[in-house]
1. Checking Arg439 against (1) outside any loop (DSSP other than H, G, I, E, B); (2) under 19 Å from Arg303 (Cβ atoms), which single condition isn't satisfied?
2. Tell me, which residue of region 338-351 that is in contact with a Ser or Thr (Cβ under 9 Å, 6 or more places away or on another chain) and not aliphatic (A, V, I, L, M) is surrounded by the fewest Cβ atoms within 10 Å (Cβ to Cβ)?
3. Among Val180, Val207, Val218, which is the only one that is at pLDDT 80 or above and hydrophobic (A, V, I, L, M, F, W, C)?
4. Do we find that Ser371 is within 16 Å of the ligand (Cβ to nearest atom), surrounded by fewer than 22 Cβ atoms within 10 Å (Cβ to Cβ), more than 27 Å from Ala71 (Cβ to Cβ) and not hydrophobic (A, V, I, L, M, F, W, C) in this structure?
5. Got a number for residues in region 443-478 being near the ligand (Cβ under 8 Å from one of its atoms), of a type in the set (Ser, Thr, Tyr) and more than 15 Å from the chain's Cα centre (by Cα)?
6. Pick out, from region 1-116, the helices (runs of 4 or more DSSP H) lying fully within it that include 1 or more residues that are in contact with a helix residue (DSSP H, G or I) (Cβ under 7 Å, 6 or more places away or on another chain) and buried (at least 19 other Cβ atoms within 10 Å of the Cβ).
7. Which of the residues that make up region 409-422 are within 14 Å of the chain's Cα centre (by Cα) and not small (Gly, Ala, Ser)?
8. Tell me which residues, restricted to region 39-73, are under 21 Å from Ala323 (Cβ atoms) and of a type in the set (Lys, Arg).
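The values are calculated or read from the model by the stated rules, or taken from the named source; none is laboratory data. None of the values given here were measured: they were computed from a predicted structure. Please note: Cβ atoms are built from the backbone with ideal geometry, for glycine as well, and neighbour counts cover all protein chains shown.
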Amino acid sequence: ADASPPLFQLVDAVHRNVDNPPNGECVVYWMRMEDLRIRDNRAIAQASAQARKDSVPLIVLHVLSPQDYIAHDRSARKIDFVLRNLQIIRSRLSELDIPLYTVSHEPRTKIPAFIHGLLQQWKASHLFANMEYEVDELRRDIALSGIARKHGKVSCTFLHDRCIVPPGEVTTKDGRGYTVYSPFLRTWKSTIDQATSDYIGEAPLPVANDPAVRSHPVYSNLFDVEVPHEVEGFTLDPKVRERMASCWPAGEDAAHEVLRRFLETMSRTSHLGVTDPLSESAKMAKNPSTQSRLGKYNDQRDRVDADTTSRMSPYLAAGVISARTCVREALESCGKKKVDISRDTGVGRWIQEIAWRDFYNHILAFFPRVSMGRPFLEKYAHIQWETNEAHLQAWKDGRTGVPVVDAAMRQANTMGWMHNRGRMIAAMYLTKDLLIDWRLGERYFMEVLIDGDLASNNGGWQWSASTGVDPAPYFRIFNPYTQSQKIDPGGEYIRAFVPELAKVRGPEIHKPPPALADKLGYPRALVEHDMARKQAIERYKNIGKK
Ligand code: FAD
């Protein structure tokens with residue numbers, strides 16, 4: 001059941017658990033796995049300011065928690081991305097004479113006591129961290145605060161930094177979280193307008209440590225702690241690792257570069273790597289545009305056959321760049337002083353997408369049941385799903401016989417990323433055409449996507465399955481073939497990811513006739529769409545009557 005009040009408000013309430021901690025010998029910033037940056041990061045900025053005020057060193061702590069990864073279906077791809085980012089952060093921090101102490105700890109329920117032990121050992125006066133809105137993580141922070149309060153020696157401060165506007169600041173008149181996006185968006189914008197400098201401003205990171213700190217007898221050994229290259233149980237095949245590193249280079253500089261390419265006129269590709277066949281396409285190279293991809297975003301964003309979106313999601317999901325910075329730079333690139341959420345500009349549309357990210361995080365914070373495998377609309381807990389292993393596996397492998405679904409799934413399997421339209425079509429196909437439980441799709445996306453993010457993934461899946469907040473109505477089911485014609489008219493996306501169809505030209509690419517499919521070794525469609533659609537509507541309609 002939903003907690004009342006929501007847990008994140010409890011963490012808010014305890015966030016300064018010890019007002020006047022005794023003098024300590026250091027300040028600790030606990031960097032979480034969705035917090036992997038130094039720039040524009042509230043908790044590290046405050047920790048750094050505190051350390052300077054007290055003239056003590058700053059220590060950055062990162063706890064690897066394999067049990068949490070399992071509980072949240074974290075993929076080996078994502079963990080590898082985290083480690084690659086941490087390696088870069090470690091060297092940046094050591095240039096500032098700040099150690100990054102990366103440590104693995106199990107069981108996860110003992111993490112609060114373990115961290116408290118470290119704080120005592122280091123004689124820390126303050127701990128700062130950015131808040132995570134997942135239930136277990138909020139409970140963990142409450143537990144740590146409780147232990148620290150009992151001992152009365154460390155002040156723990158948990159800050160809101162994941163969203164542009166924190167949960168609790170965009171509410172209905174009676175203080176509840178919004179469950180419909182449009183009114184949320186309007187209030188979200190007016191909240192930002194009222195406090196632009198607070199939300200959009202860059203948090204400074206003054207250099208906290210005096211170089212002499214390095215030789216401090218207690219902490220100097222922390223500088224020797226390396227970031228591991230892998231976490232047991234999350235080993236990536238070396239070839240996949242190489243591909244992921246090529247598609248998604250780690251580090252804040254890479255994130256800023258990907259953003260710059262999206263915002264800048266004449267940039268043809270978001271990609272720093274070489275693995276995406278579309279971003280390398282000769283077509284784009286021959287026709288350099290005079291408009292930035294952001295400028296074209298409003299008209300082009302649904303096209304999967306070119307590089308039409310920012311591809312910032314892996315960096316935003318891991319916090320390698322803040323959403324604030326993205327919005328600020330997008331506005332600056334268009335010479336705008338106020339947040340634009342209009343439907344007819346590229347920047348307005350793009351900021352609306354960033355607002356969806358905030359929206360789903362607010363949903364997670366206000367309605368924690370969504371992260372516990374529950375549909376937001378409880379009545380749909382009783383849908384009778386099909387248990388067809390062969391269909392599920394065909395969907396995962398991109399062998400459903402529906403070319404656009406297969407291209408999307410194979411894009412995810414190869415690149416660790418999928419275009420938003422691909423996600424919507426693939427998710428709706430699994431839940432409506434195959435009538436397979438959305439939770440199985442949600443889990444598979446977390447397994448393969450490098451941008452796997454609990455709030456957005458859950459929101460996207462529940463939207464597609466019509467079980468979530470502000471969902472697609474259950475009777476509006478995408479026809480994957482007509483979708484395919486709209487978003488990939490020439491079939492380039494399909495040809496790029498489905499080699500069996502690489503030589504097919506013309507409209508047949510969207511729905512190859514059975515004889516052609518057989519000849520090319522491409523599977524026939526698993527189900528007939530019109531019949532499947534009727535069956536799904538019946539099933540949802542009958543639940544609605546109960
Ligand atoms: P852009 O179009 O450039 O958008 C910019 C940013 O806005 C994105 O990076 C993302 O942070 C945010 N955003 C865009 N669309 C959405 C949205 N619908 N919901 C929430 N945030 C959004 N996004 C994830 O980051 N992680 C996920 O695990 C994830 N799973 C999804 C599952 C399903 C079934 C669906 C339908 C959507 C999912 N999304 C997820 C949302 C969206 O598809 C991706 O954020 C987007 O495709 C990422 O590409 P981009 O960075 O080029 O997006």
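1. Here Arg439 clears every test but (2).
2. Lys338
3. None of the others qualify; the one that does is Val180.
4. Working: within 16 Å of the ligand (Cβ to nearest atom): yes; surrounded by fewer than 22 Cβ atoms within 10 Å (Cβ to Cβ): yes; more than 27 Å from Ala71 (Cβ to Cβ): no; not hydrophobic (A, V, I, L, M, F, W, C): yes.
Spelling it out, it is not the case that Ser371 is within 16 Å of the ligand (Cβ to nearest atom), surrounded by fewer than 22 Cβ atoms within 10 Å (Cβ to Cβ), more than 27 Å from Ala71 (Cβ to Cβ) and not hydrophobic (A, V, I, L, M, F, W, C).
5. Count: 1.
6. Numbers: elements: 7-14, 42-54, 66-71, 76-95.
By residue number, 7-14, 66-71, 76-95.
7. Step one: of region 409-422, the residues within 14 Å of the chain's Cα centre (by Cα) are 416-420.
If the condition is that a residue be within 14 Å of the chain's Cα centre (by Cα) and not small (Gly, Ala, Ser), then Trp417, Met418, His419, Asn420 are the ones that fit.
8. Of everything in region 39-73, those that are under 21 Å from Ala323 (Cβ atoms) and of a type in the set (Lys, Arg) turn out to be Arg39, Arg42.
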